[in-house]
1. Net charge within 13 Å of Glu120 by Cβ-Cβ distance, Lys/Arg positive one each and Asp/Glu negative one each, not counting Glu120 itself?
2. Mind checking Rg over Rh on the range 276-362, alpha carbons, Kirkwood formula for Rh?
3. Ordered by residue, what ³J(HN,Hα) values in Hz, to whole numbers, does the range 90-97 give under the Karplus form 6.51 cos²θ - 1.76 cosθ + 1.60, where θ = phi - 60° and Gly and Pro are x?
4. Using 0.36 nm times the number of residues separating Leu152 and Gln287, minus their current alpha carbon distance, what extension gain do you get?
5. Between the range 251-315 and the range 68-111, what's the alpha-carbon centroid distance in Å?
6. So what are the three principal axis dimensions of the chain from its Cα atoms, in whole Å, longest to shortest?
7. Suppose the chain between Asn129 and Lys55 were pulled fully straight at 0.36 nm per residue; how much longer would it get relative to their current alpha carbon spacing?
8. For the chain, what proportion of DSSP beta bridges, expressed in % and rounded to the nearest 5, is antiparallel?
Amino acid sequence: MKKKKAIVYCEGQFGSMDGKTANGLIRDPGYYDIVAVIDSTKSGLDSGEYLDGVKNGIPLCKNLEEALSISDEKPTHFILGIAPGDAFLKDQERSVIFEAMKAGLNIINPLQEFLTEDEEMMNAAKNYNVTIRDIRKPKPKKEWTLFTGGILKIDTPIIAVLGTDSACGKRTTAKILEKGFRKRGYNPVFIATGQTGLIQGAEYGFAMDAFPLQYLIGELEREILRAQKNENPDIIIVEGQGAVSHPAYISSCGILRGARPKAIILQHPPKRKMLGDFPFIPMPDVQEEIDLIEHFGKTKVIAITINHENMTDEEIDQTIEEYEEKYHLPVSDVLKKGEDKIIDAIIDFFPSLKAKEKVVSS
C-alpha cells in the first residue's frame with residue numbers, strides 16, 4: 001500500500017512531552033510518509049537528529065507554507081502532532097487547521113476535541129473538499145462492549161508496557177518490542193490504546209480515554225480477543241496509558257483489568273522529578289509502582305525500561321547498572337541500548353515463547 005504524504009504540526013512542542021504524537025510519528029510513521037514537521041522554534045533542523053541524534057531527512061519548518069514548498073509531491077494529510085494537557089485547540093491552532101484545509105489537506109485530529117462536531121470546521125472541510133478524522137472519537141454507544149471474561153481463556157502470553165507517568169515512552173517501547181519479536185521469527189501483535197498508535201496504523205486497539213471505565217475494560221478485552229482469533233499470535237503486547245499510581249488518569253487500571261497481562265514491562269524516566277502534566281505532584285517511587293502494579297493486577301513486573309530524557313550516555317549506563325542491582329530486574333533503554341535484553345527476559349518468563357525460540361533458532 002502506498003503511504004500517504006503528510007505534514008505534522010507540532011508548534012513549539014517537538015521533542016517534548018506535549019509533542020509525543022509527532023515524536024512517535026517521526027520514529028515510526030506507519031501509514032504515512034512524513035515530509036515535514038512544523039515547529040518554528042526549531043526550524044532549519046533535521047527532526048531525526050533533533051529527536052534521536054540520527055538524521056532522517058525530515059525537516060523542521062517554520063510554517064505550513066514552507067512545509068508545503070519542500071515536497072516534490074503535494075502532501076495529502078495534515079496531522080496534529082500535539083497532545084496538550086488541556087486537550088483543546090487554541091485560536092492559533094484552529095487557524096492553521098483552516099489554512100491546511102484551504103491548501104487541500106485532509107485533517108487527522110488526535111485530540112479529545114472532536115472537529116467533526118464543530119460546525120465551522122465541517123463547513124470548511126466541505127467547502128475545500130477535504131476530510132476530517134477524529135482519532136479519539138468512539139464508535140456509536142450501542143456498539144460498546146462490557147467485560148465478558150473471555151480474556152481469561154487465552155493461553156497466549158499477554159504483556160503490557162506500563163509506566164510511572166504519562167508520555168514517558170510506553171508506546172515507543174511496546175512498538176520496539178513488537179518489531180524485535182518479529183525479527184526473531186515470532187508472530188507478535190501490538191494493541192494500541194492511544195491516538196498515536198492508531199494514526200500509525202495499528203490493526204487492533206482504540207483510544208481508551210474516550211470511554212467510561214467499565215466499557216474501556218470490555219473494549220480492550222474485545223480487541224485482544226479479536227487479535228487472538230485473527231492472528232493466532234505468539235505474544236500480545238499492550239500499550240500502556242498513564243500510570244496505576246497517577247492521581248488523574250485511570251487507564252492503566254483498565255488495562256490491567258481488560259488485558260489481564262501475565263507480565264509487565266515498567267517504563268520510567270529517571271530524571272523526571274514531578275509528573276509531566278501535574279508539576280506540583282512528585283513522581284512515584286519505582287519500587288512502590290512495581291508493588292502497586294503487582295498487587296492490583298495480580299501480575300509480575302519482569303523488566304524495567306528507562307526513558308533517557310535529560311540524561312547523558314554515561315548517566316544511562318550508570319542508571320541501568322544501579323537499577324539492576326537495586327531492583328534485581330533486567331533494565332535497558334531500548335532506544336539507546338536495544339531491546340534484546342528485555343525480549344530475552346520475556347522469553348525466559350513464558351514457557352511457550354521459550355519452546356518457540358528453540359523452533360525458530362533450529
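None of the figures in this text is laboratory data; all of them are computed from the coordinates on show. Predicted, not measured: the structure shown is a model, and the values here were computed from it. Every residue, glycine among them, receives a Cβ derived from its backbone with ideal geometry; neighbour counts consider all protein chains shown.
1. So the surrounding residues net to -3.
2. For the range 276-362, the value is 1.04.
3. Couplings: 8, 4, 5, 5, 4, 5, 5, 5 Hz.
4. Between Leu152 and Gln287, full extension yields 45.8 nm more.
5. 32
6. Here the spans come out as 57, 52, 49 Å, largest first.
7. 23.1 nm
8. Looking only at bridges with both residues in the chain, the antiparallel portion is about 5 percent.
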